[in-house]
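Working notes for the structure below.
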Amino acid sequence: MTIHELSQLYQLNREIEMDKERLEKLRSLALTPSGPNLTGMPGGCSNENRLERNVAEIADLEAIISAKVTQCLYERNRLERYIADIPDSLTRQIFTLRFINGFSWNACAAHIGGNNTWKNLSNICYRYIEKSNDKES
């Protein structure tokens with residue numbers, strides 16, 4: 001498994017958070033009534049059209065978020081199976097903290113303790129990946 005594959009869960013979670021923020025903005029736009037046209041100039045579309053468009057966009061975005069959440073569950077299960085096959089306990093802990101919990105290297109080092117630095121943990125991780133990829137080749 002590559003770093004890119006291991007990082008997919010983290011990336012999906014970030015996408016979901018961005019989509020949820022966008023969904024909140026859309027919902028607040030849909031709930032906010034627009035003021036009357038005070039310029040006397042003709043408008044581009046009526047409030048009903050804007051509301052319909054926002055409701056449709058909200059429904060689409062909710063479906064996208066739901067699909068990404070399902071994909072996250074799949075990715076998490078795949079990562080957990082991969083990590084469970086790692087023979088060394090420390091390496092399993094590193095992979096869990098980094099790739100499942102999404103911790104930074106510094107946070108991983110602080111959580112594991114034992115005078116481990118972020119560099120020690122990242123070296124353990126990358127060496128394991130390199131070694132396991134060499135075995136697959």
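The values are calculated or read from the model by the stated rules, or taken from the named source; none is laboratory data. Since the structure is predicted, the reported quantities are computational estimates derived from the model, not experimental observations. Counting neighbours? That spans all protein chains shown, and the Cβs are built from the backbone with ideal geometry, glycine included. Just the protein is used for accessible areas: all its heavy atoms, side chains included, with ligands, DNA and RNA removed. Shrake-Rupley method; radii C 1.70, N 1.55, O 1.52, S 1.80 Å.
Taking residues in segment 115-128 that are on the phi < 0 side of the Ramachandran plot, and partners anywhere that are open to solvent by 60 Å² or more (accessible area, probe 1.4 Å) and in a helix (DSSP H, G or I), the pairs with Cβ atoms closer than 6 Å and at least 6 places apart or on different chains are TRP118/ASN106. On inspection, ARG98 qualifies as surrounded by 15 or more Cβ atoms within 10 Å (Cβ to Cβ), under 30 Å from ASP19 (Cβ atoms) and of a type in the set (D, E, K, R).
Given (1) closer than 23 Å to ASN13 by Cα; (2) crowded, with 17+ Cβ neighbours inside 10 Å, identify the lone condition not met by TYR128. All conditions pass for TYR128, except number (1). Looking only at segment 73-92, residues that are closer than 13 Å to TYR128 by Cα and either without any contact (Cβ under 8 Å) to a residue 24 or more places away in the chain or not β-branched (Val, Ile, Thr) (or both) come to 8 in all. Screening ILE124 on (1) out of contact with any Asp or Glu (no Cβ under 9 Å at 6 or more places or on another chain); (2) of a type outside the set (S, T, N, Q); (3) farther than 16 Å from HIS4 by Cα shows it passes everything except condition (1).
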